[in-house]
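The values are calculated or read from the model by the stated rules, or taken from the named source; none is laboratory data. Keep in mind that what you see is a predicted model, and the values were worked out from it rather than measured. When we count neighbours, we look across all protein chains shown, and the Cβ atoms used for this are built from the backbone with ideal geometry, even at glycine.
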Amino acid sequence: MADIPAAGTVPEMRRDEELTTADGRPLRVALRRSQRQLRRRAFYLVAPLLVFLLVTFGWPIANMIAGSVYNPEVAHFLPLTSSAISDWDGEDVPGEDVFAAMAMDMESGLANRTIGRAAGRINREIPGARSLVMGTARDLEDMQPPYREAFLAEDERWGDLEFWRLIKRETRIVTPAYYLLALDFEYNSRGEIVERPEIYQVYRQLFWRTAWMSLTITALCVLLGYPVAHLLATLPLKTSNVLMILVLLPFWTSLLVRTSAWIVLLQQQGVINDLLVWANIIDASGRIRMIYNQTGTIIAMTHILLPFMILPLYSVMKTIPPSYMRAARSLGATQFTAFTKVYMPLTIPGVAAGVLLVFILAIGYYITPALVGGESGIFISNLIAQNMQGTSAQLKLASALATILLVGVLFFYWLFNKLIGVDRLKFG
Amino acid sequence: MALPAYAGTGERVWYYSYRVICALIFLFLIVPIIVIVPLSFNARPYFTFTQGMLALDPSAYSLRWYDALFSSREWMNSIRNSFFIATSSALISTALGTLAALGLSRPQMPARAFITAILISPMIVPLIITAAALFSFYARLNLANTFFSIIMAHVVLGTPFVVITVTASLSGFDQQLIRAAQSLGANQVTTFFKVILPLLLPGVIAGGLFAFITSLDEVVVVLFLAGPEQTPMTVRMFSGLREEISPTILALASILVAISILLLTSMEFLRRRNERQRGISQT
């Protein structure tokens, strides 16, 4: 054995005798260059779409996220005050330097008409502050330094520590205020972060509801999708192709069509209630309320998302050779043992893909909850939409809510990528 | 998975009950879609079956809701808008998505997984977030409430489907075919048009159809981006469902079901053609 040289052994090459191409370049360099060229060519094909998406999708979303923390009004429109107040300790009415800076900011703010925007921003936190700032600014020309006394003589609210603390807080260009609001927290008058009063708490509860309703929908999809996918994967191809149409047709049908179908079926004067009354299962007076509540959202969304569970399950189950089950049976396993010990573990990748896909799609749903969810069945998306149509502060709150939702979705997308890989995604 | 001869009673019971369960789930999938079709022919403005309909009385059925749909200027305008938006955005999506899929399928593509994840992301990001972001983006450019912004938004939403479908039809693409064509004397252009394109075309068309239906069915983004001039049928349907539901919506819904059956059939046809051409026989 020892004297037979190992296959593939090449006489050792000396450094100065490197292989070269016909025109004398080292082969290694030429190869690397041509591979770089191939990589570049492949990238050029992708580049148009990538650039397009970055400009018309990535950039707007980045902008929205930036908008949720951006708070420029006080810093930009009261610049001198902002710098003067930075040294203030917040314990007593600020000194003359702050008041003088405020007076100068008001003067320039009146000249270029920006004082209203700063006043409006403060007014959002302290109602009435707008008239205070605007009124004092208008009377400014009759005032003499020292401004501290003049302002306090004009209106005693200028001695309000809460007002000055707010200004100091709002000089920050980046603010977490909208995220606090989105999680039902707020600043109190001392600038500390506290929970909002219970009656105003909406969002945290809604995030939880969105999550658990999506989980319920995902669980129902597994429950309904698993047997069907198994049947489709084990039937002869001719039959399963026909049955597959029953899965693909809902997949291809408009979301609105499917939602309106559920309205038709589930409403109190609808088909299912009529059927139950006709069959004497319920009274005409005891019609069941199945829509415009959580039940409606869960039923309709399970129906809409079920194909997204069945298709990945099916594609995994189809690759499991039926002989595995027969082998298990022949080794003495019961049907049940063979199924749970052999078949089910092999389908885990499909289950994971389906679960993640359905859950990701479910937590962002807007249309179906809006149409059949009533009050109790709406998702966080519905409140994002509601806030989008409001004032600029509500718009920023909507951006903050959207960013939180986006982070959640991207986490599960990342998990999906890590466990399954997006390139495995297929339809039909 | 026929029942084996050695199956015991328990197994037999399970076998049949399992089939019944599956049949019920299939009914759950398909009945809601089918049930609206007869209801759209209801002669009365109800959303349920009348006694007359159940008795198959011809006078209980009518075409009045279809007539209402087709004679309404607003509905017809919005249907035209929808098809215009869907066609334009599907064409652009198909072009961009196919190019990208060609690049992604090359073995030398750098950072493939990461770039694929980015290209697919519009499908994953909740539509309300996309809508919120795109609305402020186009509003700042003074382009909200234009066909341009809606079409661009739908291109974004449609391309993931094109990328996925075309990449799938390229996977398992036999590179030897190219070499075979070239060894038989075809140049690059001939190879592309005579060998690569015919093999690719079913996938490209399927992707385009996906992008088309995505745009046609899309509600959320257009809800924010479309002004009265651009209102597509989905927005009209959505507000119709929210306020007072008239069976006219069911007439349109039935037409949309017919369109999806048509598209599903063509997709199935394309898929089989693609498999035949690539020599993957169905057994």
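From the list B:A211, B:A186, which one is farther than 30 Å from A:Q267 by Cβ, under 15 Å from the mean Cα position of the chain (by Cα) and either assigned to a helix (DSSP H, G or I) or assigned by TED's automatic domain parsing to the domain that holds B:H154 (or both)?
Sole residue among the options that is farther than 30 Å from A:Q267 by Cβ, under 15 Å from the mean Cα position of the chain (by Cα) and either assigned to a helix (DSSP H, G or I) or assigned by TED's automatic domain parsing to the domain that holds B:H154 (or both): B:A211.
Is one or more of the residues making up region B:253-264 out of contact with any Gly (no Cβ under 8 Å at 6 or more places or on another chain), surrounded by 14 or more Cβ atoms within 10 Å (Cβ to Cβ), facing chain A (nearest Cβ under 9 Å) and within 19 Å of B:A131 (Cα to Cα)?
No, region B:253-264 has no match at all.
Tell me which of these B:F161 doesn't satisfy, since it passes every other one: (1) more than 26 Å from B:T231 (Cβ to Cβ); (2) buried (at least 18 other Cβ atoms within 10 Å of the Cβ).
(1)
Determine the pairs where a residue that is more than 15 Å from B:P160 (Cβ to Cβ), located within region A:45-68, has a partner that is in a helix (DSSP H, G or I) and basic (K, R) with Cβ atoms under 7 Å apart, the partner being 6 or more residues away or on another chain.
Going by the 7 Å Cβ cut-off, the qualifying pairs are A:G67/A:K396; A:S68/A:K396.
Only one of these is of a type in the set (A, V, I, L, M, F, W, C), free of Cβ contacts under 8 Å to residues at least 60 places away in the same chain and within 22 Å of B:A258 (Cβ to Cβ): B:F70, B:F47. Name it.
Of B:F70, B:F47, the one residue that is of a type in the set (A, V, I, L, M, F, W, C), free of Cβ contacts under 8 Å to residues at least 60 places away in the same chain and within 22 Å of B:A258 (Cβ to Cβ) is B:F70.
Out of A:G390, A:G364, which single residue is at pLDDT 90 or above and closer than 19 Å to A:L183 by Cα?
A:G364
Step by step: first the residues of region B:104-132, then only those that are of a type in the set (G, A, S) and within 24 Å of the chain's Cα centre (by Cα), then the one that is surrounded by the most Cβ atoms within 10 Å (Cβ to Cβ). Which residue is that?
B:A132
State whether one or more residues within region B:159-173 are part of a helix (DSSP H, G or I) and over 21 Å from the mean Cα position of the chain (by Cα).
no
Just checking, does region A:259-274 include any residue being under 25 Å from the mean Cα position of the chain (by Cα), in a helix (DSSP H, G or I) and either at pLDDT below 90 or β-branched (V, I, T) (or both)?
Checking region A:259-274: at least one residue is under 25 Å from the mean Cα position of the chain (by Cα), in a helix (DSSP H, G or I) and either at pLDDT below 90 or β-branched (V, I, T) (or both).
Which of the residues spanning region B:39-48 are in contact with a strand residue (DSSP E or B) (Cβ under 8 Å, 6 or more places away or on another chain) and within 11 Å of chain A (Cβ to nearest Cβ)?
Start the filter on region B:39-48 by keeping residues that are in contact with a strand residue (DSSP E or B) (Cβ under 8 Å, 6 or more places away or on another chain), which leaves B:41-43.
The one that is in contact with a strand residue (DSSP E or B) (Cβ under 8 Å, 6 or more places away or on another chain) and within 11 Å of chain A (Cβ to nearest Cβ): B:N42.
I'd like the full set of residues that are hydrophobic (A, V, I, L, M, F, W, C) and either facing chain B (nearest Cβ under 7 Å) or not in a helix (DSSP H, G or I) (or both), limited to region A:16-58.
Answer for region A:16-58, where residues must be hydrophobic (A, V, I, L, M, F, W, C) and either facing chain B (nearest Cβ under 7 Å) or not in a helix (DSSP H, G or I) (or both): A:L19, A:A22, A:L38, A:A42, A:F43, A:L45, A:V46, A:L49, A:L50, A:F52, A:L53, A:F57.
B:I245 is checked against (1) more than 8 Å from every other protein chain (Cβ to nearest Cβ); (2) outside any helix (DSSP H, G or I) and fails just one. What number does that condition carry?
Condition (1) is where B:I245 drops out.
Six or more apart or on different chains, Cβ atoms under 8 Å: show the pairs whose first residue is in region A:206-232 and assigned by TED's automatic domain parsing to the domain that holds A:L356 and whose second is modelled with pLDDT under 95 and among the basic types (K, R).
Final answer for the pair search is A:L231/B:R19.
Out of all the residues in region B:47-67, is one or more touching a Gly at 6+ places or on another chain (Cβ under 8 Å), surrounded by 18 or more Cβ atoms within 10 Å (Cβ to Cβ) and either farther than 23 Å from B:D217 by Cα or of a type outside the set (D, E, K, R) (or both)?
yes
If B:P32 passes every condition in (1) more than 13 Å from chain A (Cβ to nearest Cβ); (2) surrounded by 21 or more Cβ atoms within 10 Å (Cβ to Cβ) but one, which one does it miss?
Single failed check for B:P32: (1).
For region A:275-297, what are the residues that are surrounded by 21 or more Cβ atoms within 10 Å (Cβ to Cβ) and not hydroxyl-bearing (S, T, Y)?
Residues satisfying the conditions are A:I291, A:G296.
Looking at A:S392, A:S376, which is the one that is in contact (Cβ under 8 Å) with a residue 40 or more places away in the chain, outside the structural domain of A:R121 (by TED's automatic domain parsing) and of a type in the set (S, T, Y)? Reasoning before the result, please.
Working: A:S392 fails: in contact (Cβ under 8 Å) with a residue 40 or more places away in the chain.
Sole residue among the options that is in contact (Cβ under 8 Å) with a residue 40 or more places away in the chain, outside the structural domain of A:R121 (by TED's automatic domain parsing) and of a type in the set (S, T, Y): A:S376.
Can you tell me which residue in region B:133-147 is nearest to the chain's Cα centre (by Cα), limited to those that are within 11 Å of chain A (Cβ to nearest Cβ) and assigned to a helix (DSSP H, G or I)?
The selected residue is B:L134.
Out of everything in region A:259-269 that is among the hydrophobic types (A, V, I, L, M, F, W, C) and touching a residue at least 60 places away in the same chain (Cβ under 8 Å), what residue ends up being farthest from the other protein chains (Cβ to nearest Cβ)?
A:L266
Residues that are within 10 Å of chain B (Cβ to nearest Cβ) and over 30 Å from A:V342 (Cα atoms), at least 3 per element: which helices (runs of 4 or more DSSP H) completely within region A:170-258 meet that?
Passing ranges, in order: A:237-252.
I'm checking my understanding of the structure. Among residues of region A:313-351 that are polar (S, T, N, Q) and outside any helix (DSSP H, G or I), which one is modelled with the highest pLDDT?
If we filter region A:313-351 for residues that are polar (S, T, N, Q), which is where we start, we get A:315, A:319, A:323, A:330, A:334-335, A:337, A:340, A:347.
Next, only the ones that are outside any helix (DSSP H, G or I) stay: A:319, A:334.
On the way: A:T319: 90, A:T334: 85.
Among them, the one singled out is A:T319.
Which count do you get for residues in region B:265-283 that are within 10 Å of chain A (Cβ to nearest Cβ) and either part of a helix (DSSP H, G or I) or modelled with pLDDT of 90 or more (or both)? Before you say what the answer is, go through the steps one by one.
Pass one, region B:265-283, residues within 10 Å of chain A (Cβ to nearest Cβ): B:265, B:267-268, B:270-272, B:282-283.
Restricting the remaining residues to those that are either part of a helix (DSSP H, G or I) or modelled with pLDDT of 90 or more (or both) gives B:265, B:267-268, B:270-272.
Within region B:265-283, residues that are within 10 Å of chain A (Cβ to nearest Cβ) and either part of a helix (DSSP H, G or I) or modelled with pLDDT of 90 or more (or both) number 6.
Could you tell me which of the residues B:S93, B:S17, B:S88 is within 11 Å of chain A (Cβ to nearest Cβ) and closer than 30 Å to B:T167 by Cα? I'd like the intermediate steps shown before the answer.
On the way: B:S17 fails: closer than 30 Å to B:T167 by Cα; B:S88 fails: within 11 Å of chain A (Cβ to nearest Cβ).
Every option except B:S93 fails the conditions.
Please tell me if B:Y66 is hydroxyl-bearing (S, T, Y), over 30 Å from B:A144 (Cβ atoms) and away from chain A (no Cβ under 12 Å).
yes
So which residues in region A:66-102 are among the β-branched types (V, I, T) and buried (at least 17 other Cβ atoms within 10 Å of the Cβ)?
Within region A:66-102, A:V69, A:V74, A:T81, A:I85, A:V98 qualify.
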